[in-house]
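Asks: Below is the structure I would like to discuss, written out as structure tokens.
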Amino acid sequence: MHNVMAAEEISLEALGLLQALLHHDYDEAQFRANHVARHALEHDHVRVADAAERIEYLLASGCPSSLELRIALRSLATSVDRMQAAALRRAGRLL
């Protein structure tokens, strides 16, 4: 169940990242991307961390290309979905 809670927290953090990007607050988005990456690494969600770090890198280098950012966001969304599904499967096996 701990995995499900961690996955939910990381998902919410990723939504905060998306919200900051929608508001064009790139400093906040970079901060949130770093936070998502660190939290994901704490729970061994390497793909989520890699995707968040990619977004953080794009934001650190200035205003990113919209194409690169869309690709990175798609990668993050896919990774978060897979992380949540895996956590739910593990929790189902434990019950």
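Asks: In percent, how large is the relative contact order of the range 6-95, given Cα pairs closer than 8 Å and 6 or more residues apart? Kindly include the intermediate steps, with their values, before the conclusion.
Replies: Working: 82 pairs, mean separation 24.4, N = 90.
Relative contact order of the range 6-95: 27 percent.
Asks: Using only helices, what value at 222 nm comes out for the chain when you add -39,500 (n - 2.57) per DSSP H run of length 4 or more and divide by the total residues, to the nearest 500 deg cm²/dmol? Before the final figure, lay out the partial values.
Replies: Values: 4 runs with 82 residues, N = 95.
The helix contribution divided over the chain gives -30000 deg cm²/dmol.
Asks: Answer with one residue from Ser11, Tyr26, Val36: the one whose Cα lies farthest towards the positive end of the charge dipole of the chain, charges on Cβ with Lys, Arg +1 and Asp, Glu -1.
Replies: Ser11
Asks: For the chain, with only Lys/Arg (+1) and Asp/Glu (-1) charged at the beta-carbon, what is the dipole magnitude about the Cα centre, in debye rounded to 20?
Replies: On the way: 10 positive and 13 negative charges, 102 e Å.
The calculated dipole for the chain is roughly 480 debye.
Asks: Treating only the Cβ atoms of Lys and Arg (+1) and Asp and Glu (-1) as charged, compute the dipole magnitude of the range 31-71 about its Cα centre; round to the nearest 20 debye.
Replies: On the way: 5 positive and 6 negative charges, 29 e Å.
With only Lys, Arg, Asp and Glu charged at Cβ, the dipole is about 140 debye.
Asks: Accessible area per residue of the chain at 1.4 Å probe, in Å²? Don't skip to the end; give the middle numbers.
Replies: On the way: 5980 Å² over 95 residues.
On a per-residue basis, 63 Å².
Asks: Roughly how many percent of the accessible protein surface of the range 28-81 is carbon and sulfur, given a 1.4 Å probe and a whole-percent answer? Could the numbers behind the result be given before it?
Replies: Details: 1580 of 3070 Å².
Heavy-atom surface of the range 28-81 belonging to carbon and sulfur, 1.4 Å probe: 52 percent.
Asks: Within 14 Å, Cβ to Cβ, of Ala20, how many net charges do the neighbouring residues add up to if Lys/Arg are +1 and Asp/Glu are -1?
Replies: Details: positive: Arg32; negative: Glu13, Asp25, Asp27, Glu28, Glu56.
Within the 14 Å Cβ shell, the charges total -4.
Asks: Check each of the GluC sites (Glu not before Pro) in the range 1-34 and keep only those in coil by DSSP with at most 12 other C-beta atoms within 10 angstrom; list them in order. Intermediate results must be reported in sequence, preceding the final value.
Replies: Working: sites: Glu8, Glu9, Glu13, Glu28; in loops: none.
Passing sites in the range 1-34 do not exist.
Asks: OK, next. Would you be so kind as to identify all helices of the chain, as entire DSSP H runs, whose Cα atoms reach 18 Å or more along the helix's own axis and whose mean Kyte-Doolittle hydropathy is at least -0.5? Provide the component values of the computation, followed by the final result.
Replies: Values: long enough: 2-22 (30 Å, 0.89); 26-42 (24 Å, -0.95); 46-60 (20 Å, 0.46); 66-94 (42 Å, 0.11).
The qualifying helices are 2-22, 46-60, 66-94.
The values are calculated or read from the model by the stated rules, or taken from the named source; none is laboratory data. These numbers were taken from a predicted model, which means no experiment stands behind them. We place every Cβ from the backbone using ideal geometry, glycine too, and count neighbours over all the protein chains shown. SASA here: full protein model, heavy atoms, side chains in, ligands and nucleic acids out. Shrake-Rupley method; radii C 1.70, N 1.55, O 1.52, S 1.80 Å.
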